[in-house]
Amino acid sequence: MGSTRNKEVLIDLLQREGNNVCADCRDEEPEWASCNLGIFLCQVCAGIHRGLGTDISRVKSTRLDNWDDDQVKRMAEIGNEVANSKYERFLPMFYKRPTKEDVDIVRQQFIKAKYQRLEFCNIDKQASYNSPTKEGHLLKKGKYKTKFQSRKFILTRQDNKIKYYNKESAKQPKEDIELDDLNAVFVPEKMGNPNGLQLTYLKDGTTRNLFVYHESAQEIVSWYTAIRAAKFERRKVAFPDREDSELAKDLTTNFYCEGYLHKMGPNNEPYKKRWFTLDRRKMSYLEEPMSPFPKGEVFIGHQDGGYSVDIGGPDVKSNQGFPFTQKTPERLYILCAESHDDRERWIMALKKIIDTPLTPQDTRLATYLSSKRKSSFKLKMN
Ligand SMILES: [Zn+2]
């Protein structure tokens, strides 16, 4: 076959079910391939495959490179579905499959686990995250310090907890964290560390943020996956009738939106610059991006409950940035983004939540946050 004919065959193969999305992140219209693995890939995943070395994966462009007959034949014989039935045969339901929204570490470690360590071909290779307990050391940021220190962490499925210890010999943990209320999110940019992981949970009436990392990307992803695995196992016991795919949803959730906004005070005092995080239905504002506790937290409910978001705000001068107003049944939050695009990003994220019906867990969070508000109000009244 000529090279033009080979290109045509490749274009045809790319239209087929399974090949029309990246074999790894499922992004649409892949234009790259691994000619020995016989799979089609998006540009970003192809870049990671290149880093695996040609012993494991030989990357080619379907458009720019020349293909010989044997290579094209191999692509036709294998393809994404056949390859994934091998390399993802034992991919656990709780494992985070990367999407184009995920940060580098999630994508890189998925690809390394899949093709280099062959973790999803053999269940025995999953012990570091799929075991009743996990113990090890993570570097943890001090509560009000910038320094990170090594701390012992233990995750125990039976207790449904993750604990950490300030002293190696300590019998009592410094903190013991219920896994049900825990979210884990990779925040490399915010922490200035490619392996940076934020753990956020509810404790004593407020959200607590912990910032940890491990020198090894594989190990920090192993902790992240162990948390997801433990939460998944617990849901399986609690809801034996539900489908695994249902139970695996939102074991951890990336933040819907994060960044600086200027916030008008309750009595219209001037804007204060705060770091805002939208974590599912919880919008927190913090003094600094890595503050251990938020200054305030707002539950964002469904539109039927009196929640809405709109461009603009009362009494906002045109030189004060890009205002928008988040309405809750109790009050208006008048916020200002620093750019037009930033405001769009926030409004889109908030609208999406306001349009989504509440789940029982959401209602639990709403009660938690509102009871907290009442108690702090009482405190002020005294
Ligand atoms: Zn991809």
**Prompt:** What residue, among those in the range 79-104 that are more than 13 Å from the chain's Cα centre (by Cα) and of a type in the set (Ser, Thr, Tyr), is farthest from Phe186 (Cα to Cα)?
**Reply:** Ser85
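Which ones in the range 295-327 are part of a loop (DSSP other than H, G, I, E, B) and either small (Gly, Ala, Ser) or at pLDDT 95 or above (or both)?
First pass over the range 295-327, keeping only residues part of a loop (DSSP other than H, G, I, E, B): 295, 300-302, 306-307, 312-317, 321.
If the condition is that a residue be part of a loop (DSSP other than H, G, I, E, B) and either small (Gly, Ala, Ser) or at pLDDT 95 or above (or both), then Ile300, Gly301, His302, Gly306, Tyr307, Gly312, Gly313, Gly321 are the ones that fit.
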**Condition check for Val44: β-branched (Val, Ile, Thr), within 14 Å of the ligand (Cβ to nearest atom) and over 24 Å from the mean Cα position of the chain (by Cα)** = no
**Message:** Pairs needed: first member in the range 88-102, more than 19 Å from Asn254 (Cβ to Cβ); second member anywhere, open to solvent by 20 Å² or more (accessible area, probe 1.4 Å); C-beta distance under 7 Å; at least 6 residues apart or different chains.
**Reply:** Arg89/Cys121; Phe90/Cys121; Phe90/Asn122; Phe90/Ile123; Pro92/Asn130
**Request:** Determine if the range 53-72 includes at least one residue that is within 16 Å of the ligand (Cβ to nearest atom) and under 26 Å from the mean Cα position of the chain (by Cα).
**Result:** no
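Out of the residues in the range 129-160 that are part of a loop (DSSP other than H, G, I, E, B) and closer than 26 Å to Gly192 by Cβ, state the one that is most open to solvent (accessible area, probe 1.4 Å). Step through it out loud before you land on a result.
From the range 129-160, those part of a loop (DSSP other than H, G, I, E, B) are 129-132, 142-147, 157-160; that's our starting set.
So of that shortlist, the ones also closer than 26 Å to Gly192 by Cβ come out as 129, 142-147.
Details: Tyr129: 10, Gly142: 17, Lys143: 83, Tyr144: 172, Lys145: 134, Thr146: 125, Lys147: 131 Å².
Out of the qualifying residues, it is Tyr144.
Taking Tyr224 as the residue in question, decide whether it is hydroxyl-bearing (Ser, Thr, Tyr) and either in contact (Cβ under 8 Å) with a residue 60 or more places away in the chain or open to solvent by 20 Å² or more (accessible area, probe 1.4 Å) (or both). If you could, list the steps in order and put the result at the bottom.
Values: hydroxyl-bearing (Ser, Thr, Tyr): yes; either in contact (Cβ under 8 Å) with a residue 60 or more places away in the chain or open to solvent by 20 Å² or more (accessible area, probe 1.4 Å) (or both): yes.
So Tyr224 fits the description; yes.
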**Asked** In the range 4-31, which residues are under 20 Å from Lys86 (Cα atoms), within 12 Å of the ligand (Cβ to nearest atom) and either among the basic types (Lys, Arg) or not in a loop (DSSP other than H, G, I, E, B) (or both)?
**Response** Val21, Arg26
**Message:** Restricting to the range 60-83, name every residue that is in a helix (DSSP H, G or I) and either surrounded by fewer than 18 Cβ atoms within 10 Å (Cβ to Cβ) or not assigned by TED's automatic domain parsing to the domain that holds Cys25 (or both).
**Reply:** Asp69, Asp70, Lys73, Arg74, Ala76, Glu77, Glu81, Val82
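Take the conditions over 15 Å from the mean Cα position of the chain (by Cα) and within 24 Å of Asp180 (Cβ to Cβ) and apply them to Thr200. Does it pass?
Taking the combined requirement at face value, the residue does not satisfy it.
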**Request:** Tell me, please, whether a residue that is under 16 Å from Ala76 (Cβ atoms) and among the hydroxyl-bearing types (Ser, Thr, Tyr) can be found in the range 22-35.
**Result:** yes
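The values are calculated or read from the model by the stated rules, or taken from the named source; none is laboratory data. Just so we're clear, the structure is a prediction, and the values are computed from it rather than from any experiment. Neighbour counts run over all protein chains shown; Cβ positions are idealised from the backbone, glycine included. Surface accessibility is based on the protein's heavy atoms, side chains included, excluding ligands, DNA and RNA. Shrake-Rupley method; radii C 1.70, N 1.55, O 1.52, S 1.80 Å.
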